[in-house]
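A.B. asks: The structure's right below; bear with me while I get my questions together.
The values are calculated or read from the model by the stated rules, or taken from the named source; none is laboratory data. This is a predicted model, so every value here is computed, not measured. Virtual Cβ from ideal backbone geometry, glycine too; neighbours counted across all protein chains shown.
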Amino acid sequence: MIEYLIKGPLWYFSLAVFCIGVLWQLARIIFAAAKTDLSVARGSASGGAWRNVFSRFVPHREIAPRIRLQVIGGYMFHLGLFALLFFAAPHVHFLENHLLGFGWTPMPHWAFIVAAQFAFFGLILLWLRRMLNAVSRLISTTDDHIAAILTFVVMLTGCLALGQGFHALNLLHLFTVELLMIYFPFSCLMHAFTFIPSRAFTGAWFGRRGIDA
Amino acid sequence: MLVVLLVLPVANASTPQQHKDYPQGVSSISPGSDLWREVRQRDLPISGITQVQGVESGVLINADGDRWARFRIENPVRYAPIVLLVVVAILVLFYALRGKVGIEGGLSGRMVKRFTDYERVVHWTLALLFLFLALTGLILLLGRTLLIPLFGHQVFSLLASASKESHNLVGPIFLVSLIMMVVSFARRNIYEKGDLTWLLKGGGFIGKSHVSGGFFNMGEKSWYWMVILIGLAISISGLILVSPNFGQGRVIMAISHVVHVLGAVILIAVSLGHMYMGSIGTEGSIEAMKSGYVDINWVEAHHDRWAQQVKENDEVLTAEEFARLHGRIPESTDNATGQS
């Protein structure tokens, strides 16, 4: 019964909420009424957009020493999670069998383990830093904490199911993934889809005004 | 499939030439059992020749394996829970008799910065990973004897699989956080003059006189080096156990297992004392790892030499300055400025 629920109705429901929710959120941003900029352009908006998209991958020299932990932890977590999500063998097989109908070469098992370790370590560092730094703690919302904890729980259940020998552990992992998919569109996790457009928008605004930032 | 070409004396023992008294064609019910018994129990070297390339692939039966399994069941599995329960009992008894160790004059509200954000992140990372590894490790060590009677074989096998996989994955991260701990804290934990006095006076628990201490006292320094050295031993032995394909034989694996379990049990037992002292055991201690600041009265009570330094350097914050730093504006200031 539980297996049927998790693999059947709940999976399709969470998938629908995720897809519709993400599309709705993106559409809301794209079609939001923006004021027409009547000022005379002092620079290229598109140039500013492209520059901002890529330059923000590296922190500003002035603040880099103070945010070293966040930068290193951030890259470890996001790159590790990306590799896990799209190149871990169980995920590739799942995407092929349940979603896409085609697959690709997964990474070897040792790389899978290293990626998981990077993701875990990065997330722990980032979340602890959020909790322990007075300013970060003050500006953090409930959504930030729920998103971090939910992501951690998904990774932890995935880690527990690594042996692939117990169906119950695989189901537990899938269940937590479904919870995350339902929560995703309505949370700060949407930054996975919005960080590039957001940077481009800000960069275009800066570029048009000739701001070198 | 293991293919072993052993030159066994027992093979000769079964030839007709040496058993002239026995009639031909008589077979025992299980002719193999005598052969394998001889393989296990004879005193000759038990390694043979094989085409299979690998560490100890010529060993048909590892007789030491039984001895190792018996040792594991009779020692670590039997004594580890006793050691941990005794430590818990001592702490409960100590708390019942002594209670929370207070600060003379109570907390003043004036604070001194003790640890940076980074140092606290390193501490809690190591602590969280350690707790996770301790829990999963104890499930693997004691589960067969303690959990199977409680939950049955099916639940235990699921728990054991989950614990093994997560323990092996998280272990190497513990080593990295241990290295971060060395880099962040080693310099201030080098023993210095006066530390021995602290030890001789039992850290203030023997007698009622005050014991002098610097930024870290001898107890904290000893705990730190214990974590680093035993932690490294546990990590290295763990890596040997988790990567059996690097050429290490069974003996090295067995020794690593002993080091791993012994080190882990010692570290878990002492960490219970550390957790007690850092939280409910001593007034004001937990604040050091929560906010990074400690009360000046706490500093004077436990680290008087450091207290002298921070006073000389004018590093003591007023309660209001501390509250502002942490986004907690005192009420009196709110009223004066009209802020909500």
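A.B. asks: Between B:S47, B:S57, B:S108, which is away from chain A (no Cβ under 14 Å), farther than 30 Å from B:A160 by Cα, surrounded by fewer than 18 Cβ atoms within 10 Å (Cβ to Cβ) and out of contact with any helix residue (DSSP H, G or I) (no Cβ under 9 Å at 6 or more places or on another chain)? Walk me through how you get there before you give the answer.
C.D. replies: Details: B:S57 fails: farther than 30 Å from B:A160 by Cα; B:S108 fails: out of contact with any helix residue (DSSP H, G or I) (no Cβ under 9 Å at 6 or more places or on another chain).
When all the criteria are applied, what remains is B:S47.
A.B. asks: A further question on this structure: Find the residue count for region A:136-158, including only residues that are small (G, A, S) and within 9 Å of another protein chain (Cβ to nearest Cβ). Show your work before the answer.
C.D. replies: Of the residues in region A:136-158, the ones small (G, A, S) are A:136, A:140, A:147-148, A:158.
Retained after the next criterion (residues that are within 9 Å of another protein chain (Cβ to nearest Cβ)): A:136.
Selection size over region A:136-158: 1.
A.B. asks: Considering each of A:R68, A:R129, A:R137, A:R51 in turn, give the residue that is assigned to a helix (DSSP H, G or I), charged (D, E, K, R) and in contact with an Asp or Glu (Cβ under 7 Å, 6 or more places away or on another chain).
C.D. replies: A:R129
A.B. asks: Would region A:120-135 turn up any residue that is buried (at least 16 other Cβ atoms within 10 Å of the Cβ), at the interface with chain B (Cβ under 10 Å from one of its Cβ atoms), out of contact with any His (no Cβ under 8 Å at 6 or more places or on another chain) and under 28 Å from A:L5 (Cα atoms)?
C.D. replies: no
A.B. asks: Going by the conditions given, is B:L93 over 21 Å from B:N217 (Cβ atoms), of a type in the set (A, V, I, L, M, F, W, C), under 20 Å from the mean Cα position of the chain (by Cα) and in the same structural domain as B:V227 (by TED's automatic domain parsing)?
C.D. replies: In short, no.
A.B. asks: In region A:159-187, which residues are buried (at least 16 other Cβ atoms within 10 Å of the Cβ), under 28 Å from B:S157 (Cβ atoms) and more than 10 Å from chain B (Cβ to nearest Cβ)?
C.D. replies: Of everything in region A:159-187, those that are buried (at least 16 other Cβ atoms within 10 Å of the Cβ), under 28 Å from B:S157 (Cβ atoms) and more than 10 Å from chain B (Cβ to nearest Cβ) turn out to be A:N170, A:L171, A:H173, A:L174, A:F175, A:T176, A:V177, A:E178, A:L180.
A.B. asks: Answer yes if at least one residue in region B:149-162 is touching a Cys at 6+ places or on another chain (Cβ under 9 Å) and under 30 Å from B:V258 (Cβ atoms), and no otherwise.
C.D. replies: Yes, because at least one residue in region B:149-162 is touching a Cys at 6+ places or on another chain (Cβ under 9 Å) and under 30 Å from B:V258 (Cβ atoms).
A.B. asks: Run down B:F130, B:F151, B:F174, B:F115 and say which single residue is more than 9 Å from chain A (Cβ to nearest Cβ) and either over 25 Å from B:L272 (Cβ atoms) or outside any helix (DSSP H, G or I) (or both).
C.D. replies: On inspection, the qualifying residue turns out to be B:F115.
A.B. asks: What do you reckon, is A:L81 buried (at least 18 other Cβ atoms within 10 Å of the Cβ), within 14 Å of chain B (Cβ to nearest Cβ) and either touching a helix residue (DSSP H, G or I) at 6+ places or on another chain (Cβ under 9 Å) or in a loop (DSSP other than H, G, I, E, B) (or both)?
C.D. replies: Numbers: buried (at least 18 other Cβ atoms within 10 Å of the Cβ): yes; within 14 Å of chain B (Cβ to nearest Cβ): no; either touching a helix residue (DSSP H, G or I) at 6+ places or on another chain (Cβ under 9 Å) or in a loop (DSSP other than H, G, I, E, B) (or both): yes.
Against the criterion (buried (at least 18 other Cβ atoms within 10 Å of the Cβ), within 14 Å of chain B (Cβ to nearest Cβ) and either touching a helix residue (DSSP H, G or I) at 6+ places or on another chain (Cβ under 9 Å) or in a loop (DSSP other than H, G, I, E, B) (or both)), A:L81 does not qualify.
A.B. asks: Let me ask something additional. Restricting attention to region B:181-193, which residues are out of contact with any Lys or Arg (no Cβ under 7 Å at 6 or more places or on another chain) and surrounded by fewer than 19 Cβ atoms within 10 Å (Cβ to Cβ)?
C.D. replies: B:V182, B:V183, B:S184, B:A186, B:R187, B:R188, B:I190, B:E192, B:K193, listed by residue number.
A.B. asks: Can you pull out every residue in region B:95-144 that is touching a residue at least 40 places away in the same chain (Cβ under 8 Å) and aromatic (F, W, Y)?
C.D. replies: If the condition is that a residue be touching a residue at least 40 places away in the same chain (Cβ under 8 Å) and aromatic (F, W, Y), then B:Y95, B:F115, B:Y118, B:W124, B:F130 are the ones that fit.
A.B. asks: Which ones in region A:7-27 are surrounded by 15 or more Cβ atoms within 10 Å (Cβ to Cβ) and closer than 15 Å to A:T194 by Cα?
C.D. replies: Within region A:7-27, A:F18, A:G21, A:V22, A:Q25, A:L26 meet the criteria.
A.B. asks: Right, something else. Somewhere in region B:170-184, is a residue in the same structural domain as B:G273 (by TED's automatic domain parsing) and more than 29 Å from B:V258 (Cα to Cα)?
C.D. replies: yes
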